[in-house]
1. What helices (runs of 4 or more DSSP H) completely inside region B:76-174 contain at least 2 residues that are in the same structural domain as B:GLN220 (by TED's automatic domain parsing) and within 30 Å of B:ASP221 (Cβ to Cβ)?
2. Looking at region A:222-234 only, could you name the residues that are more than 8 Å from chain B (Cβ to nearest Cβ) and touching an Asp or Glu at 6+ places or on another chain (Cβ under 9 Å)?
3. Pick from C:ALA319, C:ALA268: which is part of a strand (DSSP E or B), buried (at least 22 other Cβ atoms within 10 Å of the Cβ) and modelled with pLDDT of 90 or more?
4. Do you know which of the residues in region C:47-69 that are of a type in the set (Ser, Thr, Tyr) and surrounded by fewer than 19 Cβ atoms within 10 Å (Cβ to Cβ) is nearest to the chain's Cα centre (by Cα)?
5. Within region C:215-265, restricting attention to residues that are more than 14 Å from every other protein chain (Cβ to nearest Cβ), assigned to a helix (DSSP H, G or I) and β-branched (Val, Ile, Thr), which residue is nearest to A:GLY150 (Cα to Cα)?
6. Among the residues of region A:124-148, write down those that are among the small types (Gly, Ala, Ser), more than 22 Å from B:LEU261 (Cα to Cα) and free of Cβ contacts under 8 Å to residues at least 24 places away in the same chain.
7. Given (1) in a helix (DSSP H, G or I); (2) away from chain B (no Cβ under 11 Å); (3) not charged (D, E, K, R), identify the lone condition not met by A:LEU104.
8. I'm trying to understand the selection: among the residues of region A:35-68, which are of a type in the set (A, V, I, L, M), within 21 Å of B:THR132 (Cα to Cα) and under 31 Å from the mean Cα position of the chain (by Cα)?
Amino acid sequence: MTLPALGTRPAPRRRTARASRGRRLAGLLFLLPLFTVNILVIAGPAVMSVFYSFTDWDGLNAPGFVGLDNYVRLAGDDSFRTALRNNLLWTVFFLTVPMGMGLLGAYLLTRIRRGQLLFRLLFFVPYVVATVVSASIWRQLLNPSVGIGGVLGDFGVPWAADINALGDGDLALGAIALINNWQWWGFLMLLFLAAMRSVDPSLYEAARLDGAGRWREFWHITLPGIRPTFVFLFLMTIIWSFLVFDYVYILTQGGPGGATEVLSTLLYRSAFTEQQAGYGSAIGVVLALISATAVTGYLVLRRRAGWDV
Amino acid sequence: MSAPRSRPARNWGVYGLLLLLAAYAAGPMLVLLLSAVKTPAEISANPLSWPAELQWDNFATAWVDASMGTGLLNSAVIVLSTAGGVCVIACCGAYALVRLDVPKPGVVMLYLLVVSTLPIQLSLVPLLSWWTTLGLYDTQFGLIVIYWALYSPFATLLLRSYLIAIPPEYEAAARIDGAGELRVFTRIVLPLLWPGVLTAALVSGLQAYNEFIIAVTFIQDSEALPASIALFSFQQGYATNYALVSAAGSIMVLPMLLLFLALQRRFVSGYTSAGMAN
Amino acid sequence: MSHQLSRRSLLHGGAVLAGASLLGGCGGAGSGADVSYWAAFPSKPTEKYFREHYVDAFNKTSDSAQVSMSVKQLTNLAQLTDTAVSAGRAPDIVYSPGPSAVAGYAKSFKIRELGDYASDFKWKDALLPWAYQLSQVDNKIFSVPTSYGSMVLYYNPATFEKYGWEPPTTKQEFEDLCADAKSEGLIPVGAGNSGYKAQTEWYLTAFLNMAVGPNRLYEVLTSSRDFDDEAIVDAVSLMKSQMDKGWWGGGTKDYFTTTDPDVLTGLAKGDVAMYISGTWSFGSIATFFGKDAGNDADWDWAPLPSLSSDVDPGVFPLAIGTSLALSADEKKGDGAVAFLDFLINDPGRALGYLAATGENPPPIKVESGDFPDDTDKRSERLYNAIPKSTNLGYTSWTFLPPRSNSFFYEEFDKVITGDLPPKEYCSGLAGQFTQETGEGVVPNAFTPEAD
């Protein structure tokens, strides 16, 4: 890598081999900053974590090698199984509800002229609010005696006042997901909107000349037009769903009685509260492996099926 | 500005749905503003009620007690540096992936996706000791580098997805005219990619703005801490004064809202205007 | 270094993009002759008082070392310290939320033994005997306790007067009061763990001390009995049955969404009859009662009742809120230790802090005459009563090692939801505790004096 400026030099048309070598070098140079910080901050420590996952490290004393013990223990850990199930449910929810709402919001916004700015602002504002703050708002709203349920109860919907979503093991995870969705879907909306703006307008004109309805227009022009963004957000949603931490930690810390435990809260508890950094690392490694497998699986399928993204 | 022109104003359904979504988004925001001017006891008793007396003092108390002035200035440095750095890193990366001859771009993409799956909680301890060795511990720059690394994979992949949608013909023309890669990138690609770049900047800036776990772990000098930490300074024994949190939270929303509004127009330009310029 | 200056010029210049911030990055706090110390406070006024009367006052008298305090949050101070210690970047004075974390640091040589200093400064004479004993790991002093407290029963005198109640002392009285309060539409005992999950251990700890008693708990903590001892299983089952009746926190679902402020608000409004909680609330409880809260409610405390004929009423389960130690990497030992001594060596200063902020004092010997006149009478009553009492009990967060402690409240939540039978809970806890006893990280429990 001794040719810093080569890639930016004009490529003479005649010597194509040299030109392509130049573009290859330019490509590597353009990727350099990305990889430098990434390896330093993320990949490096991750390698350490893989090492720690084979030890009994407690965060303080020197780690001792224990082989696969942590992974064996993980396989028999009920909390781990609950957490994994919750992460899967979370993934399903976030692949459907916020994605759907984001697409709908973005599409509707492309269809109007008046009030566009206002709506965009309103949809996006929740994303600006810090997690701690939105968690505190929703904790109040979901309070059975004084929140929404309480008000509905006073207006003749008595069963609404009996729902204590965050305190009920069967409902708590759904409640946290709804709260997270409130903040999240506007963000997806914005990304979809930016992508929809990049769709060639002449395609719409053509469709309109063909007399296509709104639905067909959306299905045949908008969706294919934003497919790269859509697929990318689909993959990121899977990844993020396995990493979810903030809302669960702030709202229930995995409770009641472990009902909303997810992998990252379990990791956090093991590594920090219970001082089992080795075991925590093993959870982290498995977490990353699962979502990496899902993503790779998708990419392989895509190549097999010949999809063009 | 394309779709509605030729359609008659049969948009009641559209507006109805939009209003419904807006109510969902804005309702809790109103509760936030209301909580910011109540007493903690009033919030506990009824979060939806109008306060007996508007507690404007909450804003002043929150501002002073959590040193939000210093915090917001620090946040400005951190957020702008994060957003700027992430955009530079991600633009270069995305451009290389889509338009330059990178060996096995699929593998690079896969790498970026896979590193996104790693939980940050795992990295805290090794990172802390490395940062100490490198002299980056307890500095804002050290924190900013971490944010660059954390937020650039997503931004790169996001920009990549926007870049794919832009037809390569424009650049091909420029390249045939003998323009270098950097020139092609800044003159041709960047204007087309601008909405995407702004989105990436906004997203990474916002994440940095609201992030606190890494900030409190890596910065000990209270004069250098960002504003997000303010939300954690209203302790009341083992609980938190939610009136002050709401006040501080509202104050924190404001600058980002203004920034978002200021950037609005830029979002609108994009394909169309750049296309016309060509 | 150029830290401050370059950051300021950077802000003024407004050129705050990536490259420019490189300048802002160099340098950092913690260098120079400072003794770094991380602390957290329940409120801003408390923080101001501490800074003025401890940090600034110490720095004025000291010419060898200057303490530089950075303020964290109560909820993250312990974890931040843990991370920093793990990464070899601990502050000079290492915080621990009690002796249980100290043992881990001491065993891994992250903190220094303080034996010589302890005899120089005569800490054995200054500290209460049980606290001195607790500061030892393998019979050597490693830390200094700087605050202690207990669990008490909070109540609203007006509510009690209205229904003609007296603070209960026996199981019968407690149960009668609960049943009565329930039928009057009150929550008998306020409880909940929303916002801070470990609150569960406050209630369970109090319950075990009331229903099992210090003598038996001591036997369990010193491994001559196990945690699945019949008495403990019975106590856990009794608590579960009381929770099922809605006595604690108004039922299991509400339990998980009720916060500490909710309970204190309820107590002030007369919706909650009693609250069994720690004396750390003395410092922040004024937010909910009287002038500050916009009501005319008042609060008082009573010693815990007994829930078994084998236990004397009025047990005080003891808790060390903060233990401070010296980092093993620390270079200015004398100055740093002088600050530790400054925190505990003067009863007048400690009680002045208590009077001004309600903060729990260090476990030191005090005389009734030492209390300033403006001390809250309720605080004074407590800190006169505890040193005189022989009925002293054990709190889980002070006397259990880390993993057992986490199990203690995490898994008890499953008992509350009905997912884990009390007997299985106790045997799980016993297993965890036995394991950690083997590792030698169990804090040094004091010998009970009660008969």
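The values are calculated or read from the model by the stated rules, or taken from the named source; none is laboratory data. The structure displayed is predicted, hence computed values, not measured ones. When we count neighbours, we look across all protein chains shown, and the Cβ atoms used for this are built from the backbone with ideal geometry, even at glycine.
1. B:124-134, B:140-164
2. A:ARG227
3. C:ALA319
4. C:TYR49
5. Selected residue: C:VAL236.
6. A:SER136, A:SER145, A:GLY147
7. Just one mismatch for A:LEU104, condition (2).
8. A:VAL37, A:ILE39, A:LEU40, A:VAL41, A:ILE42, A:ALA43, A:ALA46, A:VAL47, A:MET48
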